[in-house]
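What follows is a set of notes on a single structure, which appears directly below.
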Amino acid sequence: MGNIQLTAVNDLAKAFRGRWPCVTFLSGCYTGQVANKGTVPSMAQALVKAGAGIVLYSRVPQGDELEALLGATAILFCNDRGEGHPQFEELQELSLQIISGAANAQGIETQEAFDNWCIQQRLNDPDYFLPRLNQRLEEIVGDGWLFDRSQFEVGG
């Protein structure tokens, strides 16, 4: 069991020295929550504002569609942008763990069932899952975005 290490965004920014990993994964009780109804950014939001690319956190309910969408997106980013990154294999493994966890929550136990599930859920089609992820995130975040989302819009 690990020891608690309280860390602020500034500490992480100094440690990474501007070279953020492709995907930053937070695991903790409050890393994805916004305190004071949005007046203080969550750690995930603050990391994005500090320069981290993608920040995922472990507060998605097990079995929620969002888990599969995040896993598919993480895999896409690793494959499209991660080659040559010093943590590429670790990030790829983490991405696979996310999508595998979503599949396991749906009772998927074999590779064949997993492959069929990915096709049925359209997790192999970024033209579907990226807009769907955006839609789900909009449901959660509402108008509380910390950046101009038009720079990141996908699909028609």
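Of 100, 95, the sequence from fewest to most neighbouring Cβ atoms within 10 angstrom is 100, 95.
Distance between the pseudo-spin-label points of residue 100 and residue 8 (7 Å out from Cα toward the beta carbon): 3.8 nm. Taking other C-beta atoms within 10 angstrom as a stand-in for reagent exposure, 119, 99 fall in the order 119, 99, fewest first.
Take every pair of alpha-carbon atoms less than 8 Å apart whose residues are at least six positions apart; their mean separation over the length of region 61-141 yields a relative contact order of 41 percent.
Multiplying the residue separation of residue 17 and residue 88 by 0.36 nm and removing their Cα-Cα distance gives an extension gain of 23.7 nm. Ordering of 124-136, 63-75 by packing is 63-75, 124-136, highest average first (other Cβ atoms within 10 Å, averaged per residue).
Rule-based calculations on the coordinates, nothing more; no lab input. All values reported here derive from a predicted model rather than from experimental measurement. With ideal geometry, Cβ positions are generated from the backbone for all residues, glycine too; neighbour counts draw on all protein chains shown.
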